[in-house]
Every structure is written in structure tokens, then in C-alpha cells.
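Below is one structure; the comments refer to it alone.
The values are calculated or read from the model by the stated rules, or taken from the named source; none is laboratory data. What you see is a predicted model; the values in this text were computed from it and never measured. Methodologically, a virtual Cβ is constructed for each residue, glycine included, from the backbone with ideal geometry; neighbour enumeration extends over all protein chains shown.
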Amino acid sequence: PSLSSAFSNLGISQPRALSLKTVERLTKTRSTVRLALTRLRPRKDLPPLPRPLTEEDVLGAIETKTLEPDLLEVSVRFPEPRWAAAIANAIADALAQRLKDATTDDAIRKRRYLERHLQSLQQKLEDLDSQIALTKKRLGFTDVLKETEALVKSYYDAELQRVALQAQLQSTTAHCYRLRQQLIREQPLISVEVLRQDPTVQEMRKQLAALEIQRADYLARYTPEHTALQQLNATIKELRQNIAQRARQLVRESEVVPNPAYQILWEKWAEAESQRFATEARLQGLDHLVSLLRQRLANLPDSQRQFAALMRHQQMAEQVYADLLVQLEVARIQEETSTPLVVVADYAVPPKSPVSPRRLLTLCFAALLGTIVGVLLTFASHSFAPKVYDPEEVRQILSSLPTVTLPAVRSPSDFFAWINSRDPAAEAIRLLRTNLQLAQDDQKPLRCLLVTSPNHGEGKTFVATALATTFAQAGHNTILVSGADDEGQPHPLLGIAPDTRAAQLPVVPTNIRRLQWLAVTDNSVDAAERFLSAVKQAKERADIVVIDAPPVLSVADTSLLIPLTEGVIVVAEAGRTRKAELQKAKEQIQLAKGRIVAVVLNKAT
């Protein structure tokens, strides 16, 4: 049958948040097609079809093409021209609506979280007000002493200024160090070439002056026609000609002059050092002031000191409450004015003529295909292999990310002895830790890492545990966060059980110094919220947090954890993980606004 093509265009309004390739993939998903069909079924202005339109029909008719870095063309081939245009427009509207709903849902979740947090903080403020009122009543005075109130406020302000000065001193010290290193690399004096007059000209001018004096003496003694006077005039004329000739010639000489770059760096360094000394002096003064205020607070009577502590807690809670109110207002504005990630740039119109079949083109294509099919069959077994086998294939799928190959390792009976050995797999884990430390920058250090994989059983728990151990051995306070099916289930490698009696954060120490384990039961209804809360508390207590997360394609909660991290490590198993699964895992991580910092190819030969 003849086919007609209709075209609609999608524009990416925020290319940094969503890549064009991801939009192209989302266009051909069943979720988008299903939403498009719900828009098409109620329409009565389209001609009837021989049978109902299915998802497979639409998926087979869709094609995408990149027109510009931020523009995607969606083409639909269908026998009926009006249906082709309707399907293309429905696909474009469905994808735009789907991404808009996802963005709105994120903003709504953030707003609801802030509202819940504000309610709990408001209750805390009310409790503090009640405690302050009871303390006033118990102590027998109706208002806090002015001295105590002023003392508490002065101590609070001094602490804030001291923290700010400490940060300023660190920044200034680092700036002085960088300028000093630049001064060391620069030379204070440099040699330059200058053009000067020939020094013999000065001597010749002195000779000319002496001859002029002698000529004046001769004029007083002889007549102008005298032989001696004539010879002297000829000598003076010749000397003047030589002076005029040599005066036009310049001599190139080397001269040592001060280096202007060194002078500028020296002035900047002196200014930075002066600022650092001034900051240190101010910080010393504030330290002395804080010490005096602490001593005065300690000398207060117990009743006033208790009241002062309540006042400090109330001030801090009010400050946090004010900050949360600002964040809530920002979240509400974002919810109301959120910019859609994808917009429909152009709607399709019914085509006037079909695009296929083209018999001549079909015959030419068949002839060409017949000539090259033999060559393609030679490479088919490897080119169309659905699984990844080597690091190069992983780099092609994940856009040349750093890849660490991990040899096959039997489950070690003594994990701690193995991690301290020179086994190639243990060295590979240490290499991964080194690569992560080199890849981070001062503005955004990698303090929280999430280890995941496309499917179960690909070695993510082994990699996460070994990586957390190497960070702890490097001197970082590290917490390994992982999920457990049953409460009290021991860790498969560390050989320790979680603390089920802990009231707050059930962190368990291990046999490795600076390494702790935090287990979160993930079979409950509120598993996602518990996991999120555990990760946030772990980030406050440790230098490095390594999350042993569930597979990103199997468990939706993993996508909720990704925004809390600075980097995601993807684990794939050679000969088992499929390329399509690895690609979907990458897209899911990008959709959750995560950044893949490394890939581990497990059981690589």
C-alpha cells in the first residue's frame, strides 16, 4: 500500500537539562505512544480504520531525525494522510506533556517536603516558647534580664562573624600561596635589546670642540689664507662629515630592566599578605571576644544559663524557619512558572502525496543490499552482539567515561585480607579510588557516591564495599549505606549485623578503621523516605558516603537517591550486561539529573 509521511518538530528549551538524544529515545517509548493513543481515540474527525490502532503500529511508523542541536523532527509513515499528521502531532503533544508532568511532579515533591519540614519546625518553635514561658514562671521573673539577653545575642553574632572570618582567612591564604608560586616562577629582572647611538660620536664631538678653539686662536694670529688655517679648516670639515655619518647609525645593545609582570605580581602578593594579616588580627580579636563571652555565660547563675540556652535554641530555630520560608516561596514560584523541557515547535499537516512505494528506488536498494550482504554476514556475529564484552564498547555507550576493568574474583573467605593484598582486582579498586580523587574539583568534591548497575547480580555490592574500604584506608571517615531485605540481616562481605536497637542512625563500626556500615531495611512501605533520610544523615557525619543502591532499571527508588549524590558509578558485567540495558541505565541516571563519574566492567578477561 502507498504510505504518506507527516512531520512535526520538537524544540529543546533546556539543552543542558535534557539532551537531544534522550528526547529521541523517549519519543519511541511505549509510555509516550500510550499517552498519544489516549489523545487519538476520542477524535471523531478522522476517517475510520480497518482495525483499531495499536502501540506496535505506532512504534513501527515513528522515525526521528536531528535537524539542529536543539530541534528534533518526528516523522510518521501511515497509509492515511490525515492519520499520519494526527499521529505525529499526538506524539509531539504526548512527549511534551509527559516531560512537563515530570518537571511539575519534582517541584510539587520539593514543595511538599518543605511544607512538612516547616510544620515540624513550627511545632518545635511552639515547644520552645512553652519551655521559655515555664522557665520564666519557675524562676519567678516575668522577663529575661537585659544583660543575659544582650550577652546571648552578642555571643551568637560573634560566632557567626568568627566562622565567616575563618572562611575568608582560608581563601586569602590560598590566594597568597598561589601568588607566591607565580612569583617564584617569574624573574625579577629581564634582559631587553635597546637601540643606542654609537659611543665614538661623543669622542668625535669633543675633538671637534677642541679644533674649533684652535681655529679661533689661528684666526687671531693669521690671515684666512694662511696654510695652517686652511689645513685646520679641512680637518674640521672632515670631522663634521664623520660625525654626521656616524650619528645616523644606531647600535643594538642588551640592557637589564625590571620585569613588569614580576612587579605586578609582587604588588598583588603584598596586598594579599596585608589582607591576610588584617584578617588574622580580626580573627584573633574575635576569638578573644568569644572566649570572654563564654566565660561570662559560664559565670551566670544556673537559672539564667538555662534560660540563655533556651534563647539560643529559639534564635537558631527561628533562623532556620526563615530560611525554609524563603526556600518554600522559591519552590512555589518554580512550580507555577516552570519552563517545559520540550515544546512543540511545529505541528504536522496532512501530506498531499504519498512517499512510497518508490519502485525504482526499491529496486536499486535491493541490488545494493544484495552486493554487500555477504560482507556484512562476516561481521554480523560481533557487530550485532547484544552484550558488552570489553571496555571500548562501554566507552562508546557511555560517551568515553573513565572505565575500570575488574578481573573475575572468587568470593574471598577473608575480605579484609583480600583488600589489603596485591591481587589485580584489589589493585583495580584502588585505581578506581585514585581516578575519582583526581577527577573531582574544589568547587564540587565527590563526597557522596552511588554505586548501581542495570540488573541484579552484576557485582555492585562487591564494588561498593571494596571502594568504601579503600577510601577508609586512605584516611577518610567513610560510611557504607546499603539496603537489606530483612531487619538484622548481616552484610555478605563485612560479616557484621546491623544494630536494630539504635534509636536514631544505626551506624555499625567495622574491622576497618574509619569505615562504618549503615543498613536500611528496604521491604517496608516507607523504604524510600527512610533511605533518603539515612543518606542525608550519613553525609553530615562522614567525609565520604558510598551508597550500595538497588539496580537502577529494577527499583524506582534509586532514581530518588541520585540527586543527593555528586557522582554515580555504574557496574556492568562482561558477557552478561546488554548494551541496551546499559544505555537505558545511562538515560535513567541523566533523567534523574545524575552525573556518571566512572564505570566498572566486572569479570573482564
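In the set (1) in a helix (DSSP H, G or I); (2) hydrophobic (A, V, I, L, M, F, W, C); (3) touching a Gly at 6+ places or on another chain (Cβ under 8 Å), the condition left unmet by Leu450 is number (1).
On inspection, Val451 fails the criterion of being in contact with a Leu (Cβ under 6 Å, 6 or more places away or on another chain) and among the hydrophobic types (A, V, I, L, M, F, W, C).
Applying the set (1) over 29 Å from Tyr177 (Cβ atoms); (2) in a helix (DSSP H, G or I); (3) small (Gly, Ala, Ser) to Ala272 leaves exactly one unmet item: (1). Of the residues making up region 480-490, those that are assigned to a strand (DSSP E or B) and either among the small types (Gly, Ala, Ser) or not assigned by TED's automatic domain parsing to the domain that holds Gln588 (or both) number 3. Taken over region 539-561, the criterion of being in contact (Cβ under 8 Å) with a residue 60 or more places away in the chain and of a type in the set (A, V, I, L, M, F, W, C) is satisfied by Ala542, Ile544, Val545, Val546, Ile547, Ala549, Val552, Leu553, Leu561. Screening region 552-566 for residues that are surrounded by fewer than 22 Cβ atoms within 10 Å (Cβ to Cβ) and out of contact with any helix residue (DSSP H, G or I) (no Cβ under 7 Å at 6 or more places or on another chain) and picking the one that is nearest to Ala464 (Cα to Cα) gives Glu566. Does region 465-479 include one or more residues that are part of a strand (DSSP E or B), touching a helix residue (DSSP H, G or I) at 6+ places or on another chain (Cβ under 8 Å) and within 19 Å of Ala598 (Cβ to Cβ)? Within region 465-479, one or more residues are part of a strand (DSSP E or B), touching a helix residue (DSSP H, G or I) at 6+ places or on another chain (Cβ under 8 Å) and within 19 Å of Ala598 (Cβ to Cβ). Checked against the criterion of being in contact with a Lys or Arg (Cβ under 9 Å, 6 or more places away or on another chain) and either touching a residue at least 40 places away in the same chain (Cβ under 8 Å) or farther than 29 Å from Ile397 by Cβ (or both), the candidates Arg513, Arg576 yield just one match: Arg576.
Within the group Leu446, Leu438, which residue is in the same structural domain as Ala585 (by TED's automatic domain parsing), modelled with pLDDT under 95, among the aliphatic types (A, V, I, L, M) and surrounded by fewer than 17 Cβ atoms within 10 Å (Cβ to Cβ)?
Going through Leu446, Leu438 in turn, the sole match is Leu438.
Hey, could you check region 153-172 for residues that are of a type in the set (S, T, N, Q) and surrounded by fewer than 17 Cβ atoms within 10 Å (Cβ to Cβ) and say which is farthest from the chain's Cα centre (by Cα)? Ranking the candidates gives Ser154 first.
Results for (1) surrounded by fewer than 17 Cβ atoms within 10 Å (Cβ to Cβ); (2) over 15 Å from Ala85 (Cα atoms), shown as yes or no for each residue.
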{"site": "Ser4", "(1), (2)": "no, no"}
{"site": "Leu10", "(1), (2)": "no, no"}
{"site": "Gln14", "(1), (2)": "yes, yes"}
{"site": "Ala17", "(1), (2)": "yes, yes"}
{"site": "Lys28", "(1), (2)": "yes, yes"}
{"site": "Ser31", "(1), (2)": "yes, yes"}
{"site": "Leu37", "(1), (2)": "no, no"}
{"site": "Arg41", "(1), (2)": "yes, no"}
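Of the helices (runs of 4 or more DSSP H) entirely within region 1-88, those holding at least 1 residues that are of a type in the set (S, T, N, Q) occupy 20-27, 30-40. If you go through region 225-269 and keep only what is of a type in the set (S, T, N, Q), at pLDDT below 85 and either part of a loop (DSSP other than H, G, I, E, B) or within 50 Å of the chain's Cα centre (by Cα) (or both), you end up with Gln249, Asn259.
Okay, residues lined up against (1) at pLDDT 80 or above; (2) within 30 Å of Leu601 (Cβ to Cβ); (3) among the hydrophobic types (A, V, I, L, M, F, W, C); (4) under 29 Å from the mean Cα position of the chain (by Cα):
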| position | (1), (2), (3), (4) |
| --- | --- |
| Met316 | no, no, yes, no |
| Arg332 | no, no, no, yes |
| Pro340 | no, no, no, yes |
| Val349 | yes, no, yes, no |
| Ser381 | no, yes, no, no |
| Phe384 | no, yes, yes, no |
| Pro391 | yes, yes, no, yes |
| Arg395 | yes, yes, no, yes |
| Leu401 | no, yes, yes, yes |
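Scan region 55-69 and give yes if some residue there is buried (at least 16 other Cβ atoms within 10 Å of the Cβ) and in contact (Cβ under 8 Å) with a residue 40 or more places away in the chain, otherwise no. Within region 55-69, one or more residues are buried (at least 16 other Cβ atoms within 10 Å of the Cβ) and in contact (Cβ under 8 Å) with a residue 40 or more places away in the chain.
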